[in-house]
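Some notes on the structure that comes next.
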Amino acid sequence: MTTSVETTQQHIPENLPTHLQHFIDGEFVDSISGKTFDVQEPVSNENYATVASAQPEDVDLAVAAAKRAFKEGPWSKMLPRERSRVLHKIADIVESRDDELSLLESYDSGLPITQAKGQARRAAENFRFFADLIVGQEDNAFKVPGRQINYVNRKPIGVAALITPWNVPFMQESWKLAPAIATGNTVVMKPASYTPLSAVLWPEIFREAGLPDGVFNLIFGSGGVAGDYLVKHPDVPIVSFTGDSSTGATISTAAAPQFKSLSLELGGKSPAVVFADADLEAALDATVFGVFSLNGERCTAGSRVLVQRDIYDDFVARFAERAKNIKVGLPSDPKTEVGSLVHPNHFDKVMSYIEIGKTEGKLLAGGGRAEGFPTGNYVAPTVFADVAPDAQIFQEEIFGPVVAITPFDTDEEALELANNTKYGLAAYVWTTNVKRAHNFAHAIEAGMVWLNSNNVRDLRTPFGGVKASGLGREGGYRSVDFYTTQQSVQITLNEAHSPKFGNVEDAAATSDS
Ligand code: NAD
């Protein structure tokens, strides 16, 4: 097959910056050392920009700005209603820049443009959601009649470190930024080095919405230098991290000596379990979308599909047929369903798992570079069937358009297979038996379960994983809990009844009696 110019040339967004700077205390700045790194776009894998690379002294400046803004206000001391107005403005601006944002995101990450648009809308929604939540926030008060009143005084904590991955960068950033600043904290955010581009929109958006200088600080740099230094910084009491489980373990160790508040959203190898009594058409649509959307670079991807044996052959054949027909294409083409993976290193990782898969399962679709794309990080949607539970492609997160399908006979076997990995982020169950659906969901070791449903999450529900998929929950009021401290205050309503230790008269009176 020949490759046309149309399929190989990435659409270049207007006004594409060629140099990206940190944003510290309301100013765009380079690193003090002048150090930079290069960033590539994933279709040509050519450098399109240099990016300031933060060293410890730059992180110090960003943290100092955030600390000053927190201590001096006004942001941390403003009424929730006032902060809420700014957050709503941010949401309006994000929405109004939807097209520009999705073009940048798609250009930088290789995500199909239609899916990047969905992420931009979700980002705006995150700000709106927390703008409303902080105004409606209630806290507990407890009274002991005639004796005592106790209440909860909720307070922002201080400087939050927000460390984000490259798969859906802008949306992931909004997910942390919105609750962190809504609750009155100030932040230092470090995006992933593969995808820094869309983050440069935040300073403009925040400025236009009226967020005071120093509340939001942005640094670019490597995880090992800038990220590590930020996590260990003594003036940073909160760390919210999304990324790989092994990085999560490193961060957890780094944060432990200072007892920091830690939220870890980590990797996954989520099962999609299809019982014979399911609505098979709906299950097929959702399971194909569940693993191949966002190029398969999705933490909650249903990358292990477990299918009951009665329907196995038929379901697997239809699944493979769908995978073969998926439109792989330029990220900027609205018809594209799977774009280009983020980076050649990641492409190599996914390709090496495909080679492993060829020795572990039956290859039914894909199996390598997408046909017609001799360059760029294009992987053909790949389906392996009959994969044994001890296979590497069953156990390890591939984070690309690759699925492992495995048969089961009974509910017990399905549960055993579903729980048989170190991860526990999401699970999807397809059955029309309501009792089975709930019992199965309750027994699955996963932070989130979708029953007869695609991955659609109400923003009020908790998000997070168990086992190697994470620690803590964000989402809804759990995010507010994470980004605030809850001080309890007790007031006595009558006399303070305390034993009179050291009171000599009292002691004499007691010995006389
Ligand atoms: P990664 O762990 O390599 O990097 C994530 C971020 O951490 C980057 O900004 C990186 O620079 C930084 N980092 C790396 N080492 C660090 C260190 N020692 N100290 C501080 N910061 C450090 O992950 P990635 O490759 O960018 O993202 C893919 C992973 O993220 C996958 O495992 C995926 O499942 C996971 N993910 C999880 C969720 C979730 O909500 N559970 C969502 C999206 C992605």
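The values are calculated or read from the model by the stated rules, or taken from the named source; none is laboratory data. Just so we're clear, the structure is a prediction, and the values are computed from it rather than from any experiment. All Cβ positions, glycine included, derive from the backbone under ideal geometry; neighbour counts span all protein chains shown. Quick note on the areas: whole protein, heavy atoms, side chains included, nothing else; ligands and nucleic acids left out. Shrake-Rupley method; radii C 1.70, N 1.55, O 1.52, S 1.80 Å.
Tell me which residues, restricted to segment 252-274, are near the ligand (Cβ under 9 Å from one of its atoms) and closer than 13 Å to I163 by Cα.
Across segment 252-274, the qualifying residues are L264, E265, L266.
Any idea which of A226, A249 is of a type outside the set (V, I, T), surrounded by fewer than 18 Cβ atoms within 10 Å (Cβ to Cβ) and either away from the ligand (no atom under 15 Å from the Cβ) or under 21 Å from the mean Cα position of the chain (by Cα) (or both)?
A249
Out of (1) within 28 Å of A437 (Cβ to Cβ); (2) in contact (Cβ under 8 Å) with a residue 40 or more places away in the chain; (3) open to solvent by 10 Å² or more (accessible area, probe 1.4 Å); (4) away from the ligand (no atom under 16 Å from the Cβ), what's the single condition that is false for T375?
Among (1) within 28 Å of A437 (Cβ to Cβ); (2) in contact (Cβ under 8 Å) with a residue 40 or more places away in the chain; (3) open to solvent by 10 Å² or more (accessible area, probe 1.4 Å); (4) away from the ligand (no atom under 16 Å from the Cβ), T375 violates only (1).
Confirm whether F440 is more than 16 Å from the ligand (Cβ to nearest atom) and not assigned by TED's automatic domain parsing to the domain that holds S240.
Yes; evaluated as a whole, the condition is true for this residue.
When you check A468 against the structure, is it within 14 Å of the ligand (Cβ to nearest atom), at pLDDT 95 or above and part of a strand (DSSP E or B), yes or no?
No: the conditions fail for A468.
Condition test on A120, is it at pLDDT below 95, open to solvent by less than 20 Å² (accessible area, probe 1.4 Å) and closer than 24 Å to F289 by Cβ?
So A120 passes the test.
For the list (1) surrounded by 23 or more Cβ atoms within 10 Å (Cβ to Cβ); (2) within 16 Å of the ligand (Cβ to nearest atom); (3) over 29 Å from L79 (Cβ atoms); (4) of a type outside the set (F, W, Y), I need the number of the one condition that S102 fails.
With respect to (1) surrounded by 23 or more Cβ atoms within 10 Å (Cβ to Cβ); (2) within 16 Å of the ligand (Cβ to nearest atom); (3) over 29 Å from L79 (Cβ atoms); (4) of a type outside the set (F, W, Y), S102 is out only on (2).
What are the residue pairs meeting all of these: first residue in segment 162-177, first residue under 17 Å from D244 (Cα atoms), second residue charged (D, E, K, R) and within 6 Å of the ligand (Cβ to nearest atom), Cβ atoms under 6 Å, and 6 or more apart or on different chains?
Taking only residues 6 or more apart or on different chains, the pairs are I163/K190.
Among the residues of segment 22-31, are any in contact with a His (Cβ under 8 Å, 6 or more places away or on another chain), among the polar types (S, T, N, Q) and surrounded by 12 or more Cβ atoms within 10 Å (Cβ to Cβ)?
Yes; the residues of segment 22-31 include at least one that is in contact with a His (Cβ under 8 Å, 6 or more places away or on another chain), among the polar types (S, T, N, Q) and surrounded by 12 or more Cβ atoms within 10 Å (Cβ to Cβ).
Pairs under 6 Å by beta carbon, first residue at pLDDT 95 or above in segment 273-291, partner part of a helix (DSSP H, G or I) and not aromatic (F, W, Y), six or more apart or different chains?
What qualifies is V273/A414; V273/A418; V274/A283; A276/D310; A276/I311; L284/R318; V288/R322.
Just to check your reading of the model, which residue among D285, D279, D244, D235 is within 14 Å of the ligand (Cβ to nearest atom), open to solvent by 10 Å² or more (accessible area, probe 1.4 Å) and of a type in the set (D, E)?
D244
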